[in-house]
2 protein chains.
Amino acid sequence: IAKEVAKLLEMKAQLGEDEGKHKFVLKTPKGTRDYGPKQMAIREKAFNTIISCFKRHGAEVIDTPVFELKETLTGKYGEDSKLIYDLKDQGGELLSLRYDLTVPFARYLAMNKVTNMKRYHVAKVYRRDNPAMTRGRYREFYQCDFDIAGQFDPMIPDAECLKIVHEILSDLQLGDFVIKVNDRRILDGMFAVCGVPDSKFRTICSSVDKLDKVPWEEVRSEMVGEKGLSPEAADRIGEYVQLHGGLDLIERLLQDPKLSQNKLAKEGLGDMKLLFEYLTLFGITGKISFDLSLARGLDYYTGVIFEAVLLHQENEHVEEAVSVGSVAGGGRYDGLVGMFDPKGRKVPCVGVSIGIERIFSILEQKLEASEEKIRTTETQVLVASAQKKLLEERLKLISELWDAGIKAEMLYKKNPKLLNQLQYCEDTGIPLVAIVGEQELKDGVVKLRIVATREEVNVRRESLVEEIRIRTSQC
Amino acid sequence: IAKEVAKLLEMKAQLGEDEGKHKFVLKTPKGTRDYGPKQMAIREKAFNTIISCFKRHGAEVIDTPVFELKETLTGKYGEDSKLIYDLKDQGGELLSLRYDLTVPFARYLAMNKVTNMKRYHVAKVYRRDNPAMTRGRYREFYQCDFDIAGQFDPMIPDAECLKIVHEILSDLQLGDFVIKVNDRRILDGMFAVCGVPDSKFRTICSSVDKLDKVPWEEVRSEMVGEKGLSPEAADRIGEYVQLHGGLDLIERLLQDPKLSQNKLAKEGLGDMKLLFEYLTLFGITGKISFDLSLARGLDYYTGVIFEAVLLHQENEHVEEAVSVGSVAGGGRYDGLVGMFDPKGRKVPCVGVSIGIERIFSILEQKLEASEEKIRTTETQVLVASAQKKLLEERLKLISELWDAGIKAEMLYKKNPKLLNQLQYCEDTGIPLVAIVGEQELKDGVVKLRIVATREEVNVRRESLVEEIRIRTSQC
């Protein structure tokens, strides 16, 4: 029976969503996409901005496999674990695709007994989530992570992570943004003083996490109805989670008769104050909001948590702005590495993850709307001929140029028309054409045409490389 | 029962190969590895060399998902299909990890109705092969592919692919190499004139493919014993496959009374001649060998095939040189895109794949042997302090530097010792230290220390950024 079912399932999958009209379905898997040359050009520009920032802050880079032992991921993601992709058991180890870059980083630290590291990692992660591709939500997507591992004086690395988010979102010019900050200890302290039983901390925390999408009334009824919290406790939480502000709010809560009595909350608020002092020195408090409703879903956070949200699209060209939600997030996870260490040795960590796909959706829409032409190659010169039977001469010349490091192309035709060759340059943005002809060969020169101005100059063959370099260095 | 078995299997997997001593196994999956900062530095240098070459030849770049619909990969790899990683059926589509970048490229072309494209793609592929990690054979490994798709005049794109292999292997300075070239049509023609039945072409072809690893006698006995070929046919093949040479051999075979009568072989030899003419113009025939024993395993090749092999390690420092085998390969596959097109429209393609992991193994061993120190960050300056209570001043200064685009670090301590700060620069190769102290603050200067020379100069705060830029531009 199992075999029969498997067969039927396979047949069904082969028919796919295409109602069986075709022999097979010509598509990428659900929730994934190809990146064509134009999209890659946008993507690489965004990557460069992000990676430059990580390097500016002195980070090293590592890479880990796309899959991990299944058990490596087990028990790290709470309710989200159901979204992990498993590999088929084909004999050997049970494997899963990585769900984020944080757990592999913690595994890397524990496995290599590294207690001190600042690293970035840009790679794809996988989640069997409901895709919403127009809003940049995919099942396969890039994360750009920066983390600082090690025992340090409080809040200095945490402040740097927020500075990094600030720098990257500013550099990418995505419009106005706010970085919400909170602390798991403040949340837990708040739950305690509101009368939430210890055993309900995590589940009430994930209710709070929904406050950016649904109104308080709905969250409250989930807490009371589904999760069995007393209405009084819920109302007390309600008062806190609607608060947001800056140093003033931190000071007020440090005086709060209930919160200030709770050890965890007091610790969290003390560190939050320190964090804001450092952020003031960095000059970025204008875009930071201490927000008691920020909870973040993942299980492994232990201290400061944060999330960056774009406020509105600075995008006059696009009629309907893309709603993207959070574009970066992170926090402190002091216990994760210890979960991997055989002796439970802890390595405190704090890190940030940039959600490049959502950012990319915005950049892509912006570019489409602006009708700006984007080059997808870096070719400097097209090697062309004005007459027939010059294929050999073109091959000789292009080989010289390649060997000299010049980016050069030619049409793969024996006898291409000059017009077609010039048209190719117009289409692809190649700025120069090196034209070989009978007369030029006799004279030991090459005719160099500047596509933009249609100007043509004869250049001695031995000076051609230098001439191309000079003429393209300004572009 | 199924549930019980699953449970037991999971338990077994959790115990892994570690004989159940630990609670869990702290490792990466079999056949995979992490790349630490040093390895990444080597890897990125090699990638840059390769990608620069691809860009020099005017290639665009694309990216595709790491998994494809299972059926997309079905029937493309012949006997190697058993090495494909499947994902677990968790509901929805049946998926497999990509086995190479060629089939996804063909799927991309067909899906987007692209008939003309020169692109590169650098990404990880997956094979459930027997790993041999010291020789650079992994289950997860990078491929660097360059392909030219489109209907063009014969052998011009094919010649460019060989030029690219030549450029990359030269640029990487891996020592002497040879690029073996053959043509599937010559092989098929040869099989036909040797009396191999049509139905046995593919399987005899994969026997021939083993000739780089095992002697002819063994291959012959496989052909005759396992595959049921007549001894006479095998002996006739044996005469051909021991031939290798250049234009002279091509000319000789064009005169061969049997081969020249076979349409396929004649076509293949004619194109091979043309190819060698173009390679002569490129000046690279010195490292090209027309080799009748080259077969290549994959099913989808239809014309020219090639493979680059390192001849010996130019590596005096390493006692036991790494044996790496083929470091690049490729060929023409004119039918693959048509397998995806609903109407079977063909797009001729030719391409090359660089086996970066094997190359990386060599570079890594070379570097280890040379004891050359490799930097893993690009940090230009460490912001340090000579006295206590200057954390705030350090934070202010480093923030100014970051905002000006300077790559800067500081120790995450409130009151670090100057000696420790200087030591950190020695360890990590940071060339400059910007030291803030009480006196310097009063005077409006920063003390800039050049780590290599221990020279110290006072620089006015407003000139610091410029001074750092000048001093690090030479590094």
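Some points to look at:
- Hey, A:Lys417 at pLDDT 95 or above, among the basic types (Lys, Arg) and more than 22 Å from B:Gly283 (Cα to Cα) or not: yes
- Tally of residues being open to solvent by less than 90 Å² (accessible area, probe 1.4 Å) and either over 21 Å from A:Glu372 (Cα atoms) or out of contact with any Leu (no Cβ under 6 Å at 6 or more places or on another chain) (or both) across region A:414-425: 7
- Test: A:Lys366 is under 23 Å from the mean Cα position of the chain (by Cα) and free of Cβ contacts under 8 Å to residues at least 60 places away in the same chain: yes
- Those residues of region A:326-363 which are within 14 Å of chain B (Cβ to nearest Cβ) and assigned to a helix (DSSP H, G or I), in sequence order: A:Leu336, A:Val337, A:Gly338, A:Met339, A:Phe340, A:Ile356, A:Glu357, A:Phe360
- Candidate set: region A:71-83, residues that are more than 7 Å from chain B (Cβ to nearest Cβ) and under 25 Å from A:Asn112 (Cα atoms); chosen: the one surrounded by the fewest Cβ atoms within 10 Å (Cβ to Cβ): A:Gly75
- Residue, least open to solvent (accessible area, probe 1.4 Å), within region A:344-362, restricted to residues that are at pLDDT below 90 and charged (D, E, K, R): A:Glu357
- Any hit, region A:170-190, residues being within 14 Å of another protein chain (Cβ to nearest Cβ) and either within 30 Å of A:Lys55 (Cα to Cα) or free of Cβ contacts under 8 Å to residues at least 60 places away in the same chain (or both): yes
- Of the residues making up region A:395-418, those that are over 43 Å from the mean Cα position of the chain (by Cα) and more than 8 Å from chain B (Cβ to nearest Cβ) are A:Asn415, A:Pro416, A:Lys417, A:Leu418.
- Test: A:Ser293 is surrounded by fewer than 19 Cβ atoms within 10 Å (Cβ to Cβ) and away from every other protein chain (no Cβ under 14 Å): no
- Residue within region B:366-377 that is more than 10 Å from chain A (Cβ to nearest Cβ) and crowded, with 17+ Cβ neighbours inside 10 Å present: yes
- Residue tally, condition open to solvent by 20 Å² or more (accessible area, probe 1.4 Å), touching a helix residue (DSSP H, G or I) at 6+ places or on another chain (Cβ under 6 Å) and acidic (Asp, Glu), over region A:134-183: 1
- Among the candidates A:Glu68, A:Glu60, residue that is within 11 Å of another protein chain (Cβ to nearest Cβ), within 18 Å of B:Pro29 (Cβ to Cβ), in contact (Cβ under 8 Å) with a residue 24 or more places away in the chain and not basic (Lys, Arg): A:Glu68
- Residue check for B:Glu239: assigned by the TED database to the domain that holds B:Glu160 and open to solvent by 80 Å² or more (accessible area, probe 1.4 Å): yes
- Just one residue in the set B:Lys273, B:Lys213, B:Lys227 is modelled with pLDDT under 95 and touching a helix residue (DSSP H, G or I) at 6+ places or on another chain (Cβ under 6 Å); that residue is B:Lys227.
- Filter result (closer than 17 Å to B:Gly189 by Cα and either touching a residue at least 40 places away in the same chain (Cβ under 8 Å) or touching a helix residue (DSSP H, G or I) at 6+ places or on another chain (Cβ under 9 Å) (or both)) within region B:199-210: B:Lys200, B:Phe201, B:Arg202, B:Thr203, B:Ile204, B:Cys205, B:Ser206, B:Ser207, B:Val208, B:Asp209
- Cβ-Cβ under 8 Å pairs, at least 6 apart or on other chains, region A:20-41 side within 18 Å of A:Ser361 (Cβ to Cβ) and outside any helix (DSSP H, G or I), far side modelled with pLDDT of 95 or more and of a type in the set (Phe, Trp, Tyr): A:Thr32/B:Phe67; A:Asp34/B:Tyr108
- Checked against the criterion of being of a type outside the set (Asp, Glu), assigned to a helix (DSSP H, G or I), under 14 Å from B:Leu162 (Cα atoms) and assigned by the TED database to the domain that holds B:Asp188, region B:253-272 has at least one qualifying residue.
- Boolean, B:Gln143 is touching a strand residue (DSSP E or B) at 6+ places or on another chain (Cβ under 8 Å), touching a residue at least 24 places away in the same chain (Cβ under 8 Å) and polar (S, T, N, Q): yes
- Hey, B:Lys113 more than 7 Å from chain A (Cβ to nearest Cβ), of a type in the set (D, E, K, R), open to solvent by 20 Å² or more (accessible area, probe 1.4 Å) and more than 22 Å from B:Gly355 (Cα to Cα) or not: yes
The values are calculated or read from the model by the stated rules, or taken from the named source; none is laboratory data. Computed from a predicted model, the values in this text were never measured in an experiment. Please note: Cβ atoms are built from the backbone with ideal geometry, for glycine as well, and neighbour counts cover all protein chains shown. For the accessible areas, the whole protein counts, side chains as well, though only heavy atoms, and no ligand, DNA or RNA atoms are used. Shrake-Rupley method; radii C 1.70, N 1.55, O 1.52, S 1.80 Å.
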